[in-house]
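In what follows, a structure is listed as C-alpha cells, so that the remarks can point back to it.
Each reported figure results from applying straightforward, stated rules to the coordinates on display, with no laboratory input. Not measured: the values here are computed from a predicted model. Glycine gets a Cβ as well: all are built from the backbone with ideal geometry, and neighbour counts include every protein chain shown.
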Amino acid sequence: MTVIADETDIQRGVDHLRQICPHMRMIAETCGAPPLRWREHGFSGLVTTITGQQLSVSSANAIRAKMDAQLGEITALRLASASEDELRACGLSGPKIKTLRSLSEAITSGSLPFDRLADMPVEEAHAAMIKVHGIGPWTAEVYMMFCLGVPDIFAPADLALQEGAKLAMGLETRPTTKQMAEIATRWQPWRAVAARMLWAYYGHIKKRQGVVST
C-alpha cells in the first residue's frame, strides 16, 4: 500500500489536487500545504483516535496523558486487564471504555487482524475495523488516514469537513454524509490530502472569524 509518510507526500497530493480542482487550488493559495498530522501507528494510535472522539484536542490529550501515567504501556492486554475504576479515573466515558474493551478482545482473540491492516486493501481493512463494537466508519477512516497513512480515504461524516466543503465551494447548505462522499470522489487518489486541506481551510476561516478550537 502506498502511504503518506512525510510532508513531501502531502505536497505531491496538493500539487495534484490544485491542478484538477479549483476549490483545492483556492485552499492551497489561501492556506498552503496542510500539516502531516501523523499519529502513532498501531494499537496505541487507535486508542488515541477513540479517546479523542467528540473532544477538544486539549481534553483528549489530557485523557491520554492520564492513561499513560496510570496504565503504563498501552497494549490490548493491559487495557483488557484494567479495572473499570482505573479507566474511569483516566477520564474515559462508559461508552469509550466499552469500545476499548471490545477492541482489546477483538485483537487478543484474533478476530481483528490488527497487525495486517496496513497490508490489506483499504476497503477490507475498513470493513474489518467497523465490525468491532463501538468503532464506526469515522474512527476507522481517521485511524487509516493518520496512523496508517492511507492516501485515498476520506471521512465524509466529519462535520468540519462538511463545513469546510460548504465554505470552500460556496454551497448554501452543509453537504450530507452521502453528498460529501460523492463530492470527494473527484479528489481521488488523494482524498486524504483533500481532507487535510479542508480541515485546514475550515480552521483558517473560523480563526479569522474569531472562533478558535482548542
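Sorting MET145, MET169 by the number of Cβ atoms found within 10 Å of their own Cβ, with the fewest placed first, yields MET169, MET145.
Each 5 Å bin, from zero up to the one with the longest distance, holds this percent of the alpha carbon pairs of region 103-191: 3, 14, 22, 23, 15, 11, 8, 4, 2, 0. Taking a point 7 Å from the Cα of LEU159 along the Cα-to-Cβ direction, the residues of region 172-195 with backbone N closer than 15 Å to it are 174-177. Backbone N atoms of region 156-175 closer than 18 Å to the 7 Å Cα→Cβ label point of THR185 belong to residues 156-157, 175. When you filter the trypsin sites (Lys or Arg not before Pro) in region 21-77 for DSSP loop state and at most 15 other Cβ atoms inside 10 Å of their Cβ, you are left with ARG37. Modelled spin labels at THR2 and LYS131, positioned 7 Å past Cα toward Cβ, are 2.9 nm from each other.
Under a Gaussian network description of the chain, with springs only between Cα atoms under 10 Å, the residue in ASP158, ASP115, ASP85 that fluctuates furthest is ASP85.
Listed by chain and number, the lysines whose C-alpha is less than 27 Å from the C-alpha of LYS166, apart from same-chain residues fewer than 8 away, are LYS178, LYS206, LYS207.
3J(HN,Hα) along region 143-153: 4, 5, 6, 9, 9, 9, x, 5, x, 10, 9 Hz, from the Karplus curve 6.51 cos²θ - 1.76 cosθ + 1.60 with θ = phi - 60°, whole Hz, x for Gly and Pro.
Relative contact order for the chain: what is it in percent, counting Cα pairs under 8 Å that are at least 6 residues apart? Show your work: numbers first, answer last.
Details: 258 pairs, mean separation 54.4, N = 214.
This gives 25 percent for the chain.
Could you pull out the longest piece of the chain with no exposed loop GluC sites (Glu not before Pro) in it, calling a site exposed if DSSP puts it outside H, G, I, E, B and it has at most 14 other Cβ atoms within 10 Å?
Here the longest segment lacking exposed loop sites spans 74-171.
Electrostatic tally near GLU105: other residues with Cβ closer than 14 Å to its Cβ, Lys and Arg +1, Asp and Glu -1, net +4. Karplus-based coupling profile of region 155-168, in residue order and whole Hz: 10, x, 8, 5, 5, 5, 5, 5, 5, x, 5, 4, 5, 5, with θ = phi - 60° in 6.51 cos²θ - 1.76 cosθ + 1.60 and x standing for Gly or Pro.
Multiply the residue separation of ALA80 and GLN11 by 0.36 nm, subtract the distance between their alpha-carbon atoms, and state the gained length in nm to one decimal.
Values: separation 69, 0.36 × 69 = 24.84 nm, distance 4.02 nm.
That pair, ALA80 and GLN11, stretches by 20.8 nm at full extension.
Over all directions, the average projected area of the alpha-carbon convex hull for region 43-146 comes to how many nm²? Numbers along the way, then the final one.
Working: hull surface 23.9 nm².
So the Cα hull casts an average projection of 6.0 nm².
Here the label points at SER109 and LYS207, each 7 Å from Cα along the C-beta direction, are separated by 4.5 nm in the simple model.
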